[in-house]
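Written out below as structure tokens is the structure these notes cover.
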Amino acid sequence: MQMNFSSDKSIYVQISEMIENQILRDILLEEERVLSTNEFARMYSINPATAAKGINMLVDSGVLYKKRGIGMFVAIGAKEKIMKRRKSEFYDNYIKKILEEAESLGITREELVEMIVEQKGGKDHE
């Protein structure tokens, strides 16, 4: 597991996102154990408290759960929870803004869809 932490997000957020990405890509499966706080700290040379904060974010959201004395595990339904939340965030962070800008430019939804389809198909858009 290679991880190069960027400075634009807190390390604990990046750890949380890394685990989520592994779940979305089926690298980590339901009921599978994730690295412990200390394992993360050693592997990435970070403070164990930082690793714990990232892992606890996922526990709080129901993506991971703790088996006392054994470790943290991927919860059943975790992938669906992550996808649902990320789709909602995608809508809020991107689609809403695109729709608002299109409206201010007088672009109809149909024209917008056409622009997206043309771009996706690799056609040049003027």
- Task: Could you look at the chain and say what percent of its accessible area is carbon and sulfur, using a 1.4 Å probe and all protein chains?
- Result: 52 percent
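Work out the FRET efficiency for Ala102 and Leu24 from their Cβ-Cβ distance, taking R0 = 35 Å, and round it to the nearest 0.05. Kindly include the intermediate steps, with their values, before the conclusion.
Values: r = 29 Å, r/R0 = 0.83.
That gives a FRET efficiency of 0.75.
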- Note on the structure: Summing -39500 (n - 2.57) over every DSSP H run of at least 4 residues in the chain and dividing by its residue count gives a helix-only mean residue ellipticity at 222 nm, to the nearest 500 deg cm²/dmol, of -17000 deg cm²/dmol
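Once you wrap a convex hull around the alpha carbon atoms of the chain, what is its projected area averaged over all directions, in nm²?
Taking a quarter of the hull surface, the average projection is 10.4 nm².
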- Where labels lie 7 Å past Cα in the beta-carbon direction, separation of Met83 and Glu114 in nm: 3.2 nm
- Query: How much area per residue is accessible in the chain when the probe is 1.4 Å and only protein heavy atoms are counted (Å²)?
  - Reply: 71 Å²
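The values are calculated or read from the model by the stated rules, or taken from the named source; none is laboratory data. Every value quoted in this text rests on a predicted model; they were computed, and no experiment measured them. Quick reminder, even Gly has a Cβ in these numbers, built from the backbone with ideal geometry, and neighbours come from all protein chains shown. Accessible surface is based on the protein model in full, side chains and every heavy atom, while ligands, DNA and RNA are left aside. Shrake-Rupley method; radii C 1.70, N 1.55, O 1.52, S 1.80 Å.
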